[in-house]
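Okay, so here's the structure we're looking at.
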Number of protein chains: 2
Amino acid sequence: MTNSIRIHDTFWGSVRETVRREGIPYQWKALNDQLPGAEPSYCMRNFRIASGKEQGKHGGCVFQDSDVAKWLEGVAYTLAWHPDEELERIADGAIDDIVAAQQSDGYLDTYYIINGLDKRWTNLRDHHELYCAGHMLEAAVAYYNVTGKRKLLDAMLRLVDHIDSVFGPEEGKLKGYPGHPVLEMALMRLYDVTHDEKHLKLAKYFVDQRGQSPLYFDQEQDICGWLNGTLGYSYYQAHKPVREQEDAVGHAVRALYLYAGMADVARETGDAELAAACDRLWNSVTRKRMYITGAVGSSEYGEAFTFDYDLPNDTVYGESCASIALVFFARRMLRARQLGEYADVMERALYNGVLSGMQLDGKRFFYVNPLEVLPEACEKDQHKRHVKPERQPWFGCACCPPNIIRLYASLEDYIYTVTEDALYMNLYLAHDAALDVGSAKAAVSVETNYPWDGKVAVTMTEGTAGRFKLALRVPGWCAKHTLTVNGDAADVQVVNGYAVIERDWQAGDTVVLDLAMPVTVMRANPKVYEDAGKVTVMRGPIVYCLEECDNGKDLHLVHLCTDRTGDAVAHHEPELLGGVTVIDIPGYRELDEDWGGALYAPYAAAKREDVTLRWVPYYAWGNRGLGEMRVWCMKGHSRK
Amino acid sequence: MTNSIRIHDTFWGSVRETVRREGIPYQWKALNDQLPGAEPSYCMRNFRIASGKEQGKHGGCVFQDSDVAKWLEGVAYTLAWHPDEELERIADGAIDDIVAAQQSDGYLDTYYIINGLDKRWTNLRDHHELYCAGHMLEAAVAYYNVTGKRKLLDAMLRLVDHIDSVFGPEEGKLKGYPGHPVLEMALMRLYDVTHDEKHLKLAKYFVDQRGQSPLYFDQEQDICGWLNGTLGYSYYQAHKPVREQEDAVGHAVRALYLYAGMADVARETGDAELAAACDRLWNSVTRKRMYITGAVGSSEYGEAFTFDYDLPNDTVYGESCASIALVFFARRMLRARQLGEYADVMERALYNGVLSGMQLDGKRFFYVNPLEVLPEACEKDQHKRHVKPERQPWFGCACCPPNIIRLYASLEDYIYTVTEDALYMNLYLAHDAALDVGSAKAAVSVETNYPWDGKVAVTMTEGTAGRFKLALRVPGWCAKHTLTVNGDAADVQVVNGYAVIERDWQAGDTVVLDLAMPVTVMRANPKVYEDAGKVTVMRGPIVYCLEECDNGKDLHLVHLCTDRTGDAVAHHEPELLGGVTVIDIPGYRELDEDWGGALYAPYAAAKREDVTLRWVPYYAWGNRGLGEMRVWCMKGHSRK
């Protein structure tokens, strides 16, 4: 492949350097139980015990193996853009430890290797053997793609062969499938490399078998886990066959990993019925069950979707992994159909609900990403105790931190969708790319100060040759844009969210897209009852929030004047929060003086004090100490 | 005693007849497991098993004995105002069954009698022996007061003697106290009858020992229950000695029963320090932790108080028993100090948060009394599943239904506070009373159509003699009132919430108090963040709500025009909901059309449709089928 992409973006460069310099070494320590004050992971130790190198019991969750898999996958991506011999040596060592634990028949899962192989494959519902296999397979493909080293890939091919020998539609095989999806999309990534029909067939089997009657999970022998009383099998998206599913239900990460795998299989096999199911589920998630930040999963109970338009801001779950999974799903929908809507959602999650999961220093993480925090409530209200008002150093269930790493370390993969005749640019960030577009060649250099500025300059560089379509995304949030080609205004119609310019491109050709990025006060669909009477602020793709450190306590008393939004001022603060554009908007604060001891009183217009509301990017909240935060604030009018 | 009160009120008469005719026979069936479709109670069966009349295991909760106690207490009260030989015969039979189970040493608790007396008194924290004793003692006192029959009273005197022999400050006695208070106030009611210092002393011991170090509960032997992780011993109000307690914390019913007992002891012993603790706790409850309906207990977790101004309307607990307990506490505060504020809270709970607990037909009940209900959320959101959108026929833990009965059956006890020289009238309802006020005698006839009309006519009747103060409460909700004495306007200053008229009263003297009762739009203290931007409606003591059957679905889209409240119209609907005054106020409904698939969009003033909001009394909600309900609705302005 001649394809290569090199990011040199200010915004994402900083995030990715944090991931590489801080996140990866920090998480390696975590995986080896060397983080002072954090819960031990036991992850690497489990592999050494499983291979007989150490003695001991299995530690951590049943899916602990997946933590190093996601870390390794992230390492692989960073090695692609920042070669690092020492890091690669550590990764090779980790792979040695992992592969050493593999059984002669290809089986690999430290929980059952340590606790008794006789019980393996008896609790697919709650024990994550197929989930761990999926993540390790993704790591193996990534590590092979970047380093060319086959050790982990070969081991995973043996594991896949083993799984293929155990599960499938054929007589004598188990009719099971993953309790927690991910293997479906992992097999499709493997298939991208191997083009071995066996891998596609196994992925398709897992997708299609899910939810078929009689329900496999009902027949398992060693079920001892918790079956969600309210959600039942919808928790596992196994309440009915996937082609019949209408609404996004159950555990949000499981759901979105599954949908991503379904989209892969549908695209690769040209399965229109399965694609239609993906469309329905996409619409269910993004039009009825998604927060403005790209957070998904409204309830801590089952870490799950609830029902249409039920989007509480304070008891939200919004797991970092779920928004990451939404990015995966969006990317796969884009591969199937180049609709800007998919990229809009992908961008929404990348800049907001995922990025909020990591502290600016890369060392602390949110598992839950709330849109409204009152620290006292997080402490004293049992129903908000899952909401942490500050990021945590690590988690007993540490799925999120390495997931964030592997996503941002592989941001290159999300910029483009390349078809036979078109180069779709989904994300805007400064980078150089060399890509084959059918028989044409695109060498592209992009300069931009996105997301703080909407101007994107695309220059064709040496190596560009041939005719192809350059499709520049015009985001759904953008009401006005201009486009020039080689300095001349180009009147290009936007189709499906992209401005498409087709020509014989040559080095030196320059396209400048300028996306107007005014401060925009936003409202939610009135059906979202938790946002009734409230507004928030966006600018470009960035969702903003109010923090106590800027606006004082009792943020519920603060109102944004919807008639004064023309007076909003955005200005860049290079020293603040790693460099952010902040927004000031006129508002007022209701005063709670003169109430004496009363809790209730006859209505009177509240006394107020004019204030300037300071909005900061949501992703950066909680980096300046403990305090209240709100994405949605009360709306009001400057005149009483 | 010559004291007697006879209620002939339209409003309460109807409730009390429902209680007597429907509630008492219905609940007797429940206690005997004869309610089709309802969870069996096992209550009476447990007593028969404990006395050897039947064979079997103990059924129901550890505190199941208390259900019949509360029922018996309620029966006693109805016998006072509606003699019924058949009912008294049934009650006598119940008492026979109860007393037959009593042990020779006076002990009585079917759970331990059936399961093994060796374990008795080993888990005061979670097993309710002292709680059941308290309720049975209250029943015994009431039954004796009304019927003069001593069988249950004598049995309870033996039980109290037994308890007194086991618990107390003396060497060799256990230093325990009730995990669930109620015995404290029960002993004080017994003391009112016996004037035996032993009973006062035991009550005082239980109050004062609570929360002392080393904590008794920590030393118990048979603790097997759940210790609330977040609340710890504050769940039991045992986190510190009661005199040091500042905030109302923990399980709301336990808390308020305790405070009621504390208030009794403080008043009887003239203990200023304990009275000060009562004042603090009163203020904590009523000024910071009480809903506008008189509901208390913000969280299902621990059925508990949470923190100041945390009053969510949809996840509220608001147990019927907790509001009843608030009435008990208020009445005892009134006995200590005649402040109208106490009666205001008592009235608030009686007409709203308690009364909502019972269906108009007396046959179904709420355990949880929400201020906002979206039926779909109650079904699909785990954190709202404790909120039932319709009243239930019975409960496995059926504390509330008989508690409602005993409260309303004894409403006579809440009308007056009588001191040496004054007759304080706290509640307004049509009735006749003959009461000693010091050496004077008051024979009073009251006519009123309260709570629908604010005019209250008080006439002194035959038997009135002597000088005393007639103190008529001017409720906190009333901004304007007039008063006439024998037809002449009387300019009487309102002191501590009462208009006090002192004279030598004679038969025929008439005082007319006219309380202006306009429709009043209400707001909450701005610190109540869950009510930000919202208003509700009261008229007189009645809190109103919106129901879907009157106002359509999506009540969160409905706004009340705060600038059109002058156009509010109240009119009485004698056929509706047993006869209620309904209120119509101009408002508008935000329309959710034209949103297409979008969840979020740039702010624009919402399209609206003018509507007339129909408000009905909160206590009567949910009597017309399943649907949404809201006490607090969005506020708005008629001009955009």
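The values are calculated or read from the model by the stated rules, or taken from the named source; none is laboratory data. Bear in mind that the values here come from a model prediction, so they are computed numbers and not experimental data. Cβ: placed from backbone, ideal geometry, glycine included. Neighbour counts: every protein chain shown. These area figures cover heavy atoms from the full protein model, side chains too; ligands, DNA and RNA do not enter into them. Shrake-Rupley method; radii C 1.70, N 1.55, O 1.52, S 1.80 Å.
Spacing of the modelled spin labels on A:Lys455 and A:Lys29, each 7 Å from Cα toward Cβ, amounts to 4.2 nm.
Dipole of the protein assembly as shown computed with +1 at Lys/Arg Cβ and -1 at Asp/Glu Cβ about the Cα centre; of B:Leu411, B:Val611, B:Leu281, farthest Cα towards the positive end is B:Val611. Per residue, the accessible area of chain A comes to 34 Å², computed with a 1.4 Å probe over protein heavy atoms only.
Shown for the stretch B:498-611: the carbon plus sulfur share of the solvent-accessible area, taken with all protein chains present and a 1.4 angstrom probe, equals 44%. Under 19 Å from a point 7 Å along the Cα-to-Cβ line of B:Leu117: which residues of the stretch B:157-190 have their amide N that close? Inside the label zone: B:157-167, B:174.
Chain A contacts chain B over a buried accessible area of about 5300 Å², both sides summed; the probe is 1.4 Å and only protein chains count.
Projecting the Cα atoms of B:Tyr529, B:Pro36, B:His556 onto the charge dipole of chain B, computed from C-beta unit charges around the Cα centre, puts B:Tyr529 farthest toward the positive end.
Helix screen, chain A: DSSP H segments with Cα axial length of 20 Å or more and mean Kyte-Doolittle hydropathy at least -1.0 are A:65-81, A:85-100, A:129-147, A:151-166, A:252-269, A:272-288, A:320-336. Rg/Rh for the stretch B:550-602 stands at 1.15; both radii use Cα atoms, and Rh follows the Kirkwood definition. Working from label points 7 Å from Cα in the Cα-to-Cβ sense, the B:Glu573 to B:Glu273 distance is 5.6 nm. Take every pair of alpha-carbon atoms less than 8 Å apart whose residues are at least six positions apart; their mean separation over the length of chain B yields a relative contact order of 12 percent. Rounded to the nearest 10 square angstrom, A:Thr612 shows an accessible area of 90 square angstrom against a 1.4 Å probe.
Counting Cβ atoms of other protein chains within 10 Å of each Cβ in B:571-582 and taking the mean gives 0. Counting from the shortest, the label point at A:Glu273, 7 Å from Cα toward Cβ, is 8.0 nm from the same position in each remaining copy.
Overall size of the stretch A:86-179 from C-alpha positions, given as principal axis extents largest first: 45, 27, 23 Å. Taking 0.36 nm per residue of separation and subtracting the current Cα-Cα distance, fully stretching the chain between B:Gln212 and B:Lys173 would add 12.5 nm.
Taking only the Cα atoms of the stretch B:119-229, the radius of gyration and Dmax are 14.3, 47 Å. When the other protein chains are added to the chain by itself, burial of at least 50 square angstrom of heavy-atom accessible area (probe 1.4 Å, ligands and nucleic acids ignored) affects these residues of the stretch B:360-382: B:Lys380, B:Gln382.
A straight chain from B:Arg150 to B:His195 at 0.36 nm per residue would run longer than the Cα-Cα distance by 14.6 nm. Calculated on C-alpha atoms, the gyration radius of the protein assembly as shown divided by its Kirkwood radius gives an Rg/Rh of 1.03. In plain terms, the bigger the Kirkwood radius, the slower the diffusion; for the stretch A:217-337, with that radius from Cα pairs, at 25 °C and 0.890 mPa s, Stokes-Einstein puts D at 168 µm²/s.
Percent of C-alpha pairs per 20 Å bin in the stretch A:21-412, short distances first: 29, 62, 8.
For B:Val512, the accessible area of its heavy atoms, probed at 1.4 Å with every protein chain present, is near 30 square angstrom. The value of relative contact order for the stretch A:121-187, using C-alpha pairs under 8 Å at least six residues apart, is 50 percent. Cα-Cα over 21 Å: which of B:Lys204/B:Lys469; A:Lys70/A:Lys119; A:Lys240/B:Lys380; A:Lys380/B:Lys388; A:Lys635/B:Lys527? Cα-Cα > 21 Å for B:Lys204/B:Lys469; A:Lys70/A:Lys119; A:Lys380/B:Lys388; rest within. Evaluated with a Cβ-only charge set (Lys, Arg +1; Asp, Glu -1), the stretch A:520-636 carries a dipole of roughly 440 debye about its Cα centre, given to the nearest 20.
Taken about its Cα centre, chain A carries a charge dipole of roughly 460 debye when the Cβ of each Lys and Arg holds +1 and the Cβ of each Asp and Glu holds -1.
Can you list the equivalent-ellipsoid semi-axes of the stretch B:4-156, largest first and in whole Å, using the square root of 5 times each Cα gyration tensor eigenvalue?
Numbers: eigenvalues 156, 60, 38 Å².
Here the semi-axes work out to 28, 17, 14 Å.
For the stretch B:471-564, dividing the convex hull volume of the Cα atoms by the residue count gives 156 Å³ per residue.
What the Cα atoms of the stretch A:290-421 give is an Rg and a Dmax of 15.4, 58 Å. Peptide packing for B:150-157, B:316-323 was compared via the average number of neighbouring C-beta atoms within 10 Å per residue; ordered from the highest value, the list is B:316-323, B:150-157.
Spin-label pair A:Thr484-A:Ala604: with each label point 7 Å from Cα along the Cα-Cβ axis, the two points sit 6.0 nm from one another. Each principal axis of the Cα atoms in the stretch A:419-515 has its own extent, and those three values, largest first, are 35, 25, 23 angstrom. The spread of Cα positions in the stretch B:520-636, taken along each principal axis and listed from longest to shortest, comes to 46, 32, 25 Å.
Sorted shortest first, the distances from the B:Ala490 label point to those of the same residue in the other copies are 9.1 nm; each point sits 7 Å from Cα along Cα-to-Cβ. Evaluating kT/(6 pi eta Rh) at 10 °C and 1.306 mPa s, with the Kirkwood radius of the stretch A:341-484 over Cα pairs in the Stokes-Einstein relation, gives 89 µm² s⁻¹.
Here r is the Cβ-Cβ distance between A:Asp592 and A:Asp504 and R0 is 56 Å; the resulting FRET efficiency, rounded to 0.05, is 0.25.
Would you mind checking A:Lys384/A:Lys534; B:Lys201/B:Lys288; A:Lys534/B:Lys607; B:Lys363/B:Lys553 for any pair whose Cα atoms are more than 25 angstrom apart?
B:Lys201/B:Lys288; B:Lys363/B:Lys553
Distances from A:Glu609 to itself in the other copies, using label points 7 Å out along the Cα-Cβ axis, amount to 4.2 nm in increasing order. Helix content alone sets the calculated 222 nm mean residue ellipticity of chain B: runs of n ≥ 4 DSSP H residues at -39500 (n - 2.57) each, divided across all residues, give -10000 deg cm²/dmol.
Can you list, largest first and rounded to whole Å, the semi-axes you get for the stretch B:360-412 by taking the square root of 5 times each eigenvalue of its Cα gyration tensor?
25, 11, 9
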